[in-house]
Every structure is written in structure tokens, then in C-alpha cells.
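Below is one structure, written out as C-alpha cells; the observations come after it.
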Amino acid sequence: MLERTVIIIFIALFGPLFGLTWSATASAQTKQVMVPATNGGQIEIGSLQLHDSLPARAINLPEGKARLIRLPMRVRDVLVANPAVANVVVKTPRLIYLVGLTVGSTNAFFLDADGKEVLRLEIQVQLDVISANKSIKTLLPDTDINITAVNSHLFLTGNVRSADISENARMIAARFVADEANVINMLVVMEDQQVMLQVRVAEINRNVLKELGINLFDTVTGAFSTLTSGDFALRLGTTAPTIDTAFLDIGGSFSPNVGDALTVAINALEKNGLIKTLAEPNLTTVSGEPATFLAGGEFPIPISSDDGQISISQEPFGVALSFTPVVMNSGHISLRVFTEVSALSNNGAITLANIQVPALTVRRAETTVELPSGGSIMIAGLLQENETAGIRGVPALKDVPFLGAFFRNTSVEKSETELIIAVTAYLVKPVAPRQLKTPLDGMIPVSDYDQYFLGRLNGVYVGDDKTTTASLQGPIGYILE
């Protein structure tokens, strides 16, 4: 081996003096390309110069960003397969700028003065996921969210605590794409948060009617009578005596029959009314999903058509509740609530095609509120007071001080309405069935003796600590042998 090395060095130094040359194996080789001829021979069609290819280097470039590349040797020619995706700017023979123009992939070749390949790049221009991830970390610091890009789409992966955080992350990522539909939200909410809403609708109507006075020319059939409205009233009256005609002859201007129809009625009436309405619907749903509830019924409404036919439409009434909760990142609950309490009423009823259609008295509220779990807020309220006063009597005489009270009738009616609608929201979780209580728990059916002889229709409720089921009698415990 040493002798061969010495010979090679000798030929390299002194070979030209003696006409000796040494041919080493080069990276570039010339090969003849032969193809079979039609006569069975071979035809030489040309020669190809083959070079040892350099390995391609992959580079990921954000859209709209540039990168500086320093080359190990000087280059003269640059070839970019798709200039619309990436652009190469040669600043110096050994310094180039690579600019990502649009999302896509391409490659670039860098050649020296001899046409040899100096560098090959596989360029992938992607969305700016680096800036997107930085924005997520800045705006949502306590989250585990990762954004990756595939072509023109952004994929959000990771786990979040609530749907509110997931939606905020999606909105942030949408700022880095041309279309929000290119954001694929694959975030997983760690726990489906369920919200129970309790609504209280409390209403009190108070009515007070007072009537006191004397009615002249009223018909009285006895010491007591009832008013036309059905209200009981004390009416004391008597028929006036007939006026003596001898006395009337002095004036000569009175008819002897005037006093025959004169009656006096004393009205004394006091009426108090109280109406109490209380509805407490409860409803549970998952965060972000709507829920509806109705406890009541439906009443028919006739609808006439152009051909004279009448169709029936059903209108619901009762206690209705509808809401959509969203659990916020702070633990608060955003609620869009619609609640209604309605009842059938004859006030305002109409008759259509010989069919009486009742009216509805409605208490309704629709709003959006935000409150913590277990917090309550009043979403609607009403305080209304009406007072009606009236005086009836004989003209002129009813206005006489003191004595006018015998010639007039006074009535005063007052009505007050108080309405409160309050909501309470809770974050709830499923529990074991034995932890749930119903109105039927512990109820014992009545026996025939209690029903027929004692007249009891309801069962007897026992305490929660006592059970009505049969149990084993005698010692209990482990079996010892």
C-alpha cells in the first residue's frame, strides 16, 4: 500500500515530464446510452453527464415571512419550481433571501459556475402557526392548546376546561386564516358542565272595595239584599209614608201621590280579594345547549280560511321555561332566559263562528344575564297600584256639608299588583339514585279500613330515617365456625 502511494505521488509530480498521466475515478462519469436497433444491433443516441445528487434539505417557511440562507460556496444560477409559492432573492453569490408568498410546496436548486449542484431545498410554505401559538399563549395563558397547519387549514388540539375557552381559541385562530371555515376546532372540553336553572314567578293581587252611603229611589224588598254582581251587601230600606193631603193643601203645589214610591236604601259593603300565584319551574341542560319546559296545556283556536272552512290551531298555556346557558372561563354562567306564566281568562274573550275563544293572562320575561353558580338575580318585576273612587247622589243635596251624606253614596276601589321573576343557576353533577328524593318516597298506601271507616284518601308519610320495608329478625353478623 505504501509503495502504491509513493508511485502515485511520483507520477503526479514528475509524470508530465515523462508523458505519464493518472486517471482517478471522478464523481462525474460519461456513459453511453444504447438502444436496440430494428436489425438486432444497437444504436448510440447520445451521452448523459451524471452527477452525484446532494440530499435535499426541507425547510418550513411561514406565509409572508422571509428567511436568510448563507451558502458554503458561490452560486450563479437559481431555479425555483413554483415562483408563486416562494421567491428567492440572490443578494450575493453566497447570501440569498427566501420569501414565502402563499401556502403551498415547491423546491429550489442552486448551481455554481460549473453547473454543479450546490444546494437543493424542499420548501413548504405554511400558515403562520408560530404567531398563532404565541397569541394563544398570551391571551389564554392557563390553557393547553396547540395549533398546527395542514395546507391552508389550522387545527386546534388540546384540552380546555369550558366551551367558552374553546370558542375564544377558535376566534383567535380565525385571525390567521382567510376564511374562518379553515379553522378546525378539535379541542376537547374536559368535562361537560351541566347547568340547572330555577325560576321563581311570584305574584300577588290585592283588591279592596268599600261602599257606604244612602241611595234614594231604590227598590228594597227586605232588610238584606244582594247586589247584581253577586257581592253581599247590607241594605236597610223602608217605604216612605204617604204625605197628608191636608198639609199639602197649604202650599197647593204638591201632588198627593209623590210619596208613594219614595224608598231609602243604606248601602254598606266592604270587599277584600287576594290572589297569589307562585310557579317554580326547574330545568337542567348541558352548557351551550338549549332546553325548554312546559307545564300546562293547549287550548284550541279556530282559524278561518278563504274557502270558509275553519281549522283548529292549538295555543299552549301554563308555566313555560326556555334557556340556553354558557359556562364562562371565570366560572360564571351566561344565561339567555325566556319564562312565561299564563292562564285562561274570560276577560277579553271573543266569540268566533259561535265558538268562544278564551283570552290569556300572561306574565312573561326574556333577557340575558350572567351570574355565578348558586347566585340569584331578579330579571323582572312589577309594582302597580290602581285606585278608583266615585260618588253618586242627589244633585245639589249631596254637596251640602254634613247633611249631604244622607243624599249620596260613596264607593272606593283599590287594586295592587306585585310581580317578581327571579332566576337561580347552579352547576350540577349527576349523583347516585339513592340521593334523589321524590314526593312519593316513604309513602304508604292507605288500607281499606282507613279509606272506608276513617275517610282517609292520602297515604301516611314517614320520616327519612325510618324504613317501611321488612327486615330480618334475630342476631346478625358474621358466621363463625
Exception for SER162 within (1) surrounded by fewer than 18 Cβ atoms within 10 Å (Cβ to Cβ); (2) under 27 Å from the mean Cα position of the chain (by Cα); (3) at pLDDT below 85 falls at (1)
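Condition check: in a strand (DSSP E or B) and either in contact with a Ser or Thr (Cβ under 8 Å, 6 or more places away or on another chain) or surrounded by 13 or more Cβ atoms within 10 Å (Cβ to Cβ) (or both). Does PHE406 satisfy that? Explain how you work it out, then say what you get.
Values: in a strand (DSSP E or B): no; either in contact with a Ser or Thr (Cβ under 8 Å, 6 or more places away or on another chain) or surrounded by 13 or more Cβ atoms within 10 Å (Cβ to Cβ) (or both): yes.
So PHE406 fails the test.
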Pick out the one residue from ILE165, ILE123 that is within 18 Å of GLY64 (Cβ to Cβ) and among the β-branched types (Val, Ile, Thr).
-> ILE123
Among (1) surrounded by fewer than 17 Cβ atoms within 10 Å (Cβ to Cβ); (2) β-branched (Val, Ile, Thr); (3) at pLDDT 85 or above - the single one ILE310 does not satisfy = (3)
Search region 287-307 for residues being at pLDDT 85 or above and among the charged types (D, E, K, R), and hand back the single one that is nearest to PHE317 (Cα to Cα).
-> GLU298
Among the residues listed as LEU68, LEU54, the single one being farther than 30 Å from HIS153 by Cα and either among the aliphatic types (A, V, I, L, M) or at pLDDT below 50 (or both) | LEU54
Log entry, pairs with first residue in region 301-323 being assigned by TED's automatic domain parsing to the domain that holds THR284 and without any contact (Cβ under 8 Å) to a residue 60 or more places away in the chain, second being assigned to a strand (DSSP E or B) and of a type in the set (D, E, K, R), beta carbons closer than 7 Å, six or more apart or on different chains, reads ILE301/GLU315; GLN314/GLU298; GLU315/GLU298; PRO316/GLU298; ALA320/GLU340
Residues of region 93-151 satisfying the condition of being surrounded by fewer than 16 Cβ atoms within 10 Å (Cβ to Cβ), touching a residue at least 60 places away in the same chain (Cβ under 8 Å) and within 49 Å of the chain's Cα centre (by Cα) | GLU122, ILE130, SER131
Failed item, numbered, when ASP114 is tested on (1) modelled with pLDDT under 85; (2) closer than 30 Å to ASN146 by Cα; (3) among the charged types (D, E, K, R) | (2)
Looking only at residues in region 422-461 that are of a type in the set (Val, Ile, Thr) and part of a loop (DSSP other than H, G, I, E, B), which one is nearest to GLU370 (Cα to Cα)?
-> VAL431
When you go through (1) under 30 Å from the mean Cα position of the chain (by Cα); (2) over 21 Å from GLY297 (Cα atoms) one by one for GLY404, which number turns out not to apply?
-> (1)
Single unsatisfied condition, ARG74 versus (1) surrounded by 13 or more Cβ atoms within 10 Å (Cβ to Cβ); (2) at pLDDT 85 or above; (3) assigned to a loop (DSSP other than H, G, I, E, B) | (1)
Taking region 335-357 as the region of interest, how many residues are under 22 Å from PRO372 (Cβ atoms) and buried (at least 17 other Cβ atoms within 10 Å of the Cβ)?
-> 3
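Could you tell me which residue of region 376-400 is modelled with the lowest pLDDT, considering only residues that are exposed (fewer than 10 other Cβ atoms within 10 Å of the Cβ) and part of a loop (DSSP other than H, G, I, E, B)?
Residues of region 376-400 that are exposed (fewer than 10 other Cβ atoms within 10 Å of the Cβ), as a first pass: 383, 395-396.
Add one more test, that the residue is part of a loop (DSSP other than H, G, I, E, B), and what stays is 395-396.
Details: PRO395: 81, ALA396: 77.
The selected residue is ALA396.
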Just checking, which of VAL208, VAL195, VAL201 is more than 31 Å from the chain's Cα centre (by Cα), modelled with pLDDT of 75 or more and part of a strand (DSSP E or B)?
-> VAL208
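Residue by residue, here is whether (1) without any contact (Cβ under 8 Å) to a residue 40 or more places away in the chain; (2) within 27 Å of LEU274 (Cβ to Cβ); (3) of a type in the set (S, T, N, Q) holds:
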{"site": "SER373", "(1), (2), (3)": "no, no, yes"}
{"site": "ILE377", "(1), (2), (3)": "no, no, no"}
{"site": "PHE402", "(1), (2), (3)": "yes, no, no"}
{"site": "LYS414", "(1), (2), (3)": "no, yes, no"}
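Return the total of residues in region 72-87 being more than 58 Å from the chain's Cα centre (by Cα) and of a type in the set (A, V, I, L, M, F, W, C). Steps first, answer last, please.
Quick first cut of region 72-87, residues more than 58 Å from the chain's Cα centre (by Cα) only: 72-77.
If we keep only those that are of a type in the set (A, V, I, L, M, F, W, C) as well, we get 73, 75.
Selection size over region 72-87: 2.
So, ALA149, is that one in the same structural domain as LYS65 (by TED's automatic domain parsing) and among the hydrophobic types (A, V, I, L, M, F, W, C) or not?
So ALA149 does not fit the description; no.
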Can you name the number of the only condition in (1) small (Gly, Ala, Ser); (2) assigned by TED's automatic domain parsing to the domain that holds VAL183; (3) farther than 30 Å from ASP164 by Cβ that SER135 fails?
-> (3)
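The values are calculated or read from the model by the stated rules, or taken from the named source; none is laboratory data. Keep in mind the model is a prediction, meaning the values are calculated, not measured. Reconstructed Cβ throughout: ideal geometry from the backbone, glycine too, with neighbour counts over all protein chains shown.
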